[in-house]
Amino acid sequence: FDVREGSLKFFFKEDCIDYVDLIGTCFGNNPGTPYGIYQLPHIPGEQYDDLIPAIGTNNLGLEVRIRSDEAIVLIGVTPPESAYFGYTHYLWKTRNKRENNNPLFTAASLDDTINPYTINVGQRISSSYDAAFDKDVVITSTGDQGTARAVDRALTKAGIPRNIRNLQKISTKVGGPLPPVGLYNPGLEEDKDSILFLNRVAVFQNETLGSQYLKNPPFRLFRITPKERNRRGLRKSRSESDNDESNFKIGRQKQTILNRDPIGDTRLATLNREPVRNKPDTSINNRYVVPLRTPQRSLSESKFKKSLDRLEDVIRSNHNIKEQGEVMLFPLIGSQCIFASLECYGDNGDTAYFIARPEFTMPTDDNYYVVIGVNHMATGRSVYAEVGGYQLSTATGIASFESINNMPGSAETYLNRNDSKYLYAFTARRDCTGIDFCMTLPFPNEGFPFLETEEPPGFIFRAIMSPGGPGGPDPKKLIMARVFYAQK
């Protein structure tokens, strides 16, 4: 194998400015959680057009085109205790079947997210959620079963425990006499799909440890490419290989944020001795099939509807409500977006989504919104919940109001505690100075991210991870939030 090293860096809402300036969108980023993004090296022959440079790094790409037999291997430590984490891989750029095969940034997930319930991190009792944090982990992402087995053998020889290894399957399309199947069209050419990998983390219990983790992620990241024979049938020599880092070595990391070497004094040079293929194996027998997604499950929240109705009555009597905006289900499922050639905004199967697109702008401080709803975390239907405020024209997250630090107590201004403890209420304003339970959506001259003066805000509602797992809550069992436009 040829082995090239990349890195993992975290991306924040402020970094959206690069995306918005260059391609006009930030893909519906969650403003309340950072994203760890794989930064991967390109390989000889790969056609790429990185519009946005990797974060603080040269010669690496956030999106790559990979061969059908390549693998991406992440080795490191899961986050310190937090509300949630997840590892998801995405079809990033593809061809729009509805529009003459023009390029489409779909950002559609290729399989279920690896989350605290489903991740392998060694011995733990009954897949305990809390036991998944601050643990050694290996994640191999590939569309080729043979490559997956070869990487697994190398990890075994390197002494890496089997029970911390995870496989992220990539369902690749196969041509030939059969109709194309799969989600991802692999290859290095310009007309092939590109892929991107994200690591989400939400609300660290210890902010100091969390800040250190985000600043210096304890990971090593590798792009693994099976070597091909040259025209004479001989393995390429070192002088013939570009950027040949074929000794897949992971030495002792002398400094980690947890003062612990996550993987030991490990040498994975055995990858360089794996069999050489004449060409990438494109047979359907070596591909992974289109995955069946984990169904979303949860109990109904219907018993909280009367409390929410009472809260709305009080809201209407306390605010000068002019209009009520519509909140609707926002179903995002990666495979469906891919087959329909739709944008999927970096969907996550662990999340139930709702969206509100109200019509009224906030041209002055006298115009604002009131948002009320059920705190899905408090009702036991999700492990974390959040409302994000957006500029929808650029799909850019501006601010968030979440279930751990913001929602508790926010409805007590309007209702007694028995009614309010499962609910939340906040206002979204241009200026929240001196106002409790408020989301700031600043004017353009007040810094990025912002909401344009003549554009209405958008709100995206997330209920993340069903308690007990393994996936997200059923959105049809959750009570939708309510959004009101008000004036002073």
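The values are calculated or read from the model by the stated rules, or taken from the named source; none is laboratory data. Small disclaimer: the values here were computed from a predicted structure and weren't measured. Positions of Cβ are backbone-derived with ideal geometry, glycine not excepted, and every protein chain shown enters the neighbour counts. With ligands, DNA and RNA removed, areas are computed over all heavy atoms of the protein, side chains included. Shrake-Rupley method; radii C 1.70, N 1.55, O 1.52, S 1.80 Å.
Scanning the stretch 6-23 for residues that are surrounded by fewer than 19 Cβ atoms within 10 Å (Cβ to Cβ) and at pLDDT below 85 returns D18, D21, L22, I23. Residue pairs whose Cβ atoms lie under 8 Å apart, sitting 6 or more positions apart in sequence or on different chains, and linking a residue in the stretch 24-38 that is over 17 Å from T88 (Cβ atoms) to a partner that is of a type outside the set (S, T, N, Q) and in a loop (DSSP other than H, G, I, E, B), are T25/A395; P31/P449.
One line per residue, one yes/no per condition, for (1) at pLDDT below 95; (2) open to solvent by less than 10 Å² (accessible area, probe 1.4 Å); (3) not in a strand (DSSP E or B):
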position: Y38; (1), (2), (3): yes, yes, no
position: Q47; (1), (2), (3): yes, no, yes
position: T88; (1), (2), (3): no, yes, no
position: R98; (1), (2), (3): yes, no, yes
position: T118; (1), (2), (3): yes, no, yes
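Would it be correct to say that G28 is open to solvent by 20 Å² or more (accessible area, probe 1.4 Å) and within 23 Å of A83 (Cα to Cα)? Judged against the criteria, G28 is not a match.
Taking the listed residues A428, A378, A486, A481, the one that is in contact with a Lys or Arg (Cβ under 9 Å, 6 or more places away or on another chain) and either aromatic (F, W, Y) or open to solvent by less than 30 Å² (accessible area, probe 1.4 Å) (or both) is A486, with no other qualifying. All told, E323 falls short of being open to solvent by 10 Å² or more (accessible area, probe 1.4 Å), within 30 Å of K97 (Cβ to Cβ), acidic (D, E) and out of contact with any Pro (no Cβ under 7 Å at 6 or more places or on another chain). Candidates are the residues of the stretch 395-412 that are open to solvent by less than 20 Å² (accessible area, probe 1.4 Å) and of a type in the set (S, T, N, Q); the one that is farthest from S298 (Cα to Cα) is T396.
Of the residues contained in the stretch 452-470, none is found to be among the small types (G, A, S), part of a loop (DSSP other than H, G, I, E, B), at positive phi and modelled with pLDDT of 95 or more. Here is the figure for the stretch 354-412: residues that are among the β-branched types (V, I, T) and outside any strand (DSSP E or B) total 6. Among the candidates Y353, Y422, Y384, the residue that is farther than 30 Å from R98 by Cβ, surrounded by fewer than 24 Cβ atoms within 10 Å (Cβ to Cβ), at pLDDT 95 or above and under 19 Å from the mean Cα position of the chain (by Cα) is uniquely Y384. Annotation note: of V121, V137, the sole residue that is touching a strand residue (DSSP E or B) at 6+ places or on another chain (Cβ under 8 Å) and in contact (Cβ under 8 Å) with a residue 60 or more places away in the chain is V137. Scanning the stretch 443-463 for residues that are open to solvent by less than 10 Å² (accessible area, probe 1.4 Å) and among the aromatic types (F, W, Y) yields a total of 1.
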